[in-house]
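Beneath this line is the structure, given in structure tokens, with notes to follow.
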Amino acid sequence: MTTTRRNVEATTPKEETTNDAPVLERRRVRHGISLEIIGESVLLLLVGSFFVYLFVESLDWPLGSALMPRIAVAIGAPFWAWRVAVMFFQAKESSGQIMDIGFRSGDDPEGELGRFVRICCFILGLYFAIWLLGFHIAMPAGILLYVRVYDKMSWIGSILLALVFLGLLIGVYDKLLNATWHDPPLLQWIAAFFPQSE
Amino acid sequence: MLEAAIIAAERLFSPGPMLVMLIMIPISLISGMMPGGNLPIAVIVLGFAGYLDPWLTVPAVVFFLAASDITEPVPSILMGIPGARSAQATILDGYPMAQQGLAGVALGASYMCTLVVGVIGAAALLLALPISRELLKAFSSAEFFLLSLLGLLCVAIVSAGAFVKGVLTAAFGLAIAMIGFSPITGTVRASFGIDYLWDGVPLVPIVVGLFALPEAIDLVVANTPIARERLDTMLKDANRDVYRGMREALNHKWLLVRSSLIGTFVGMMPGVGSSAAHWIAYAQARHTEKGGLESFGKGDVRGVIAADSANNSVDGGTLIPTVVFGIPGSGGMAILLAILVLSGVQPGPAMLTQHLDLTISLVYIVAFANIIVVPIMLFAAPMIVRIAAVPPNVMAPIVICIVTLAAYQASYSIEDLFLVLGFAALGIFMKRYGWPRPPILIAVVLSEIVEKYLWLSINTYGFSMFARPQFLAIIAVMVLVMIVSLRLQSGATTALRDAAGAET
């Protein structure tokens, strides 16, 4: 795309630049079961289990409550069965645009996997820290550490960014919205060890 | 009517209401750009409703809701994070455009739609006020049920090419929405024995988990800024891109008009409007625009135009059932309703007689918000698009923290975060294995309306609802929509197959 491109080109979407299918095709596990089938099996198992749970539970509910859940299961079950058939019996299904954006992968699967694990660990660590230390400590600290370690931002820049975020927390959420925060266990333990005098 | 219109203008454009609207400008700009919705601030205004004149509180909240709606496409387009109330369909083409370095074009088109639809739509709404009341009186719960069902039907239309997965995920979304208290009998449903789930699954953690976190992860995994192409030119030509987007919106004027009419009409449907309108408009555009079946969802500016035109015209439309029937069309409208009641103004037919000036002022406020806020956003757009160029390792932690806060706002409970993690895992799997996520969102958003109106219709009419001409007319429209969309899909599939055959 160049700056001299005609306006009409803005309406014409570009072809997908990369596609993860060939990469995935190469990643086959033993016994010929592809990652695609394993991943989709997990999804189908989750959806199917929830349908069964909802239906069994709905047997004990009055009709007013049970009607819509049963309709949901009745709509979903045949399509679930069809999807299972498609997956295991390689039945033909037209493939097309799914109205969603998939992950895009390039030619560095190991690096992508490493970054995927890294960001997932960051999210889990951040959420654990929020639970343990509270939002006001965990979030600015999380941002500071992440941009310092992975973006190699300067200490001053990292600290400034963390302070801006802390300012947002205090200014918007504390002062403007009067948000109620959860009580972090660590602070409770500290309070238990060092009880305030009356 | 003319006299009331003049009185409304005189009262609205007096120092008091003008001052509160000016105060609301920066608040709405910041709030609209924060993912997770803007209702908490509207609730703050509610706190003053008992003490202040309705001519101060009503302009404050309506201006705030309309103005923050204008800024809502920013996170959708630039970060792939749908807003809580609307701009959900905007993400489908807006975010791919940002990835292609066309964020300025998408924002320009979005704001131009907002301006045109906001001003012209408000004028049209003003003229339609008396007619719309008669039209709405002809509809009952049975017709409202069908219209909400039409929103769900869009799942099938929007999932063209992945019909099975689309309907399956929509059914899964409906099933998820069944968790918690039944609105019909009060029975606690499928809560897994967890007290937190008694109130159901809040929408914002679903949105954050399904959409925002997987997009943030994608950003880091790809190790590029959001704009993966033409990064330099995007920054250099930001002004030109925004201008080009504005022209694109005007070039597709019929799409803009069509989508805004859909938005206004569906917006008038109590409870259905803000949730379904943009999806219906997006689905119709995908099927009626040339090449839409192939290009929508990959970064087609027409997708942004359709979704945003409907989004913005909904604002005007939802005002009608709220003030005329006292039935709020969205969370924001529910707060407006509460403000009216607290201010001593009883919503209902009297709003078109006794308080006609106040009703007309609502339309003025929506138009005024567009006239004031859109130029600000257009001026700021070249700076806003720079977000798309922020390095992924800076962008990702900030986005993750902001959306986490948005999710926590849902019920101020730490369990919200566990829910986010659960839906994030689901979203990652769905994104990775090609399952469309929007149908879950559509189903969750519309489920309560569908369930409520279904039960009401059954109890009120039973099978006799099929004898209602209005009911049959809407069924005919739905069947027509299905037939046309299936035919178009079939044609597009054949064309794609032929093209693939020609290449090999």
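The values are calculated or read from the model by the stated rules, or taken from the named source; none is laboratory data. Just so we're clear, the structure is a prediction, and the values are computed from it rather than from any experiment. Glycine gets a Cβ as well: all are built from the backbone with ideal geometry, and neighbour counts include every protein chain shown. These area figures cover heavy atoms from the full protein model, side chains too; ligands, DNA and RNA do not enter into them. Shrake-Rupley method; radii C 1.70, N 1.55, O 1.52, S 1.80 Å.
Computed values, structure above
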item: The range B:286-302, residues that are at the interface with chain A (Cβ under 9 Å from one of its Cβ atoms) and part of a helix (DSSP H, G or I); result: B:ARG286, B:LEU293, B:GLU294, B:SER295, B:VAL301, B:ARG302
item: Matching entry among B:ILE339, B:ILE384, B:ILE372 (being outside any loop (DSSP other than H, G, I, E, B), modelled with pLDDT of 85 or more and not basic (Lys, Arg)); result: B:ILE372
item: Top-ranked residue in the range A:166-184 [being at the interface with chain B (Cβ under 7 Å from one of its Cβ atoms) and hydrophobic (A, V, I, L, M, F, W, C); ranked as nearest to the chain's Cα centre (by Cα)]; result: A:ALA179
item: Of all residues in the range B:455-482 being surrounded by fewer than 17 Cβ atoms within 10 Å (Cβ to Cβ) and of a type in the set (Gly, Ala, Ser), the one that is nearest to the other protein chains (Cβ to nearest Cβ); result: B:GLY462
item: Breaking point among (1) more than 8 Å from chain A (Cβ to nearest Cβ); (2) more than 22 Å from the chain's Cα centre (by Cα); (3) under 24 Å from B:PHE192 (Cβ atoms); (4) open to solvent by 10 Å² or more (accessible area, probe 1.4 Å), for B:PHE429; result: (1)
item: Test: residue in the range B:180-203 that is of a type in the set (Asp, Glu), surrounded by fewer than 22 Cβ atoms within 10 Å (Cβ to Cβ), more than 27 Å from B:ILE280 (Cβ to Cβ) and facing another protein chain (nearest Cβ under 9 Å); result: no
item: Test: residue in the range A:173-191 that is touching a Lys or Arg at 6+ places or on another chain (Cβ under 9 Å) and either surrounded by fewer than 12 Cβ atoms within 10 Å (Cβ to Cβ) or not in a helix (DSSP H, G or I) (or both); result: no
item: Hits in the range A:52-66 (condition: more than 7 Å from chain B (Cβ to nearest Cβ), within 31 Å of the chain's Cα centre (by Cα) and open to solvent by 40 Å² or more (accessible area, probe 1.4 Å)); result: A:VAL52, A:PHE55, A:VAL56
item: Any hit, the range A:57-65, residues being modelled with pLDDT of 50 or more, touching a helix residue (DSSP H, G or I) at 6+ places or on another chain (Cβ under 8 Å) and more than 30 Å from B:PHE192 (Cα to Cα); result: no
item: Scan of the range B:422-436 for residues that are part of a helix (DSSP H, G or I), out of contact with any Phe, Trp or Tyr (no Cβ under 8 Å at 6 or more places or on another chain) and aromatic (Phe, Trp, Tyr), ordered by number; result: B:PHE423
item: Top-ranked residue of the range B:387-418 - restricted to ones that are in a loop (DSSP other than H, G, I, E, B) and over 22 Å from B:ASN223 (Cα atoms), ranked as farthest from the other protein chains (Cβ to nearest Cβ); result: B:ALA410
item: Qualifying residue in the range B:446-454 (condition: assigned to a loop (DSSP other than H, G, I, E, B), open to solvent by 20 Å² or more (accessible area, probe 1.4 Å) and either modelled with pLDDT under 85 or among the β-branched types (Val, Ile, Thr) (or both)); result: no
item: Counted residues, the range B:88-111 - those being under 17 Å from the mean Cα position of the chain (by Cα) and not β-branched (Val, Ile, Thr); result: 11
item: So A:LYS152, is it loosely packed, with under 13 Cβ neighbours inside 10 Å and at the interface with chain B (Cβ under 10 Å from one of its Cβ atoms); result: yes
item: Any hit, the range A:32-39, residues being modelled with pLDDT of 70 or more, within 7 Å of chain B (Cβ to nearest Cβ) and assigned to a helix (DSSP H, G or I); result: yes
item: Single residue of the range B:1-36 satisfying the filter (at pLDDT below 85 and outside any helix (DSSP H, G or I)) that is most open to solvent (accessible area, probe 1.4 Å); result: B:MET1
item: Number of the condition not met by A:ALA141 [criteria: (1) at pLDDT 95 or above; (2) outside any helix (DSSP H, G or I)]; result: (2)
item: Residues of the range B:406-421 classified as open to solvent by 40 Å² or more (accessible area, probe 1.4 Å) and more than 22 Å from the chain's Cα centre (by Cα), total; result: 4
item: Residue that is modelled with the highest pLDDT, among those in the range B:37-67 that are open to solvent by 10 Å² or more (accessible area, probe 1.4 Å) and outside any helix (DSSP H, G or I); result: B:ASP53
item: Members of the range B:231-285 found to be more than 23 Å from B:GLY317 (Cα to Cα), modelled with pLDDT under 85 and part of a helix (DSSP H, G or I), listed by number; result: B:LEU231, B:ASP232, B:THR233, B:MET234, B:LEU235, B:LYS236, B:ALA238, B:ASN239
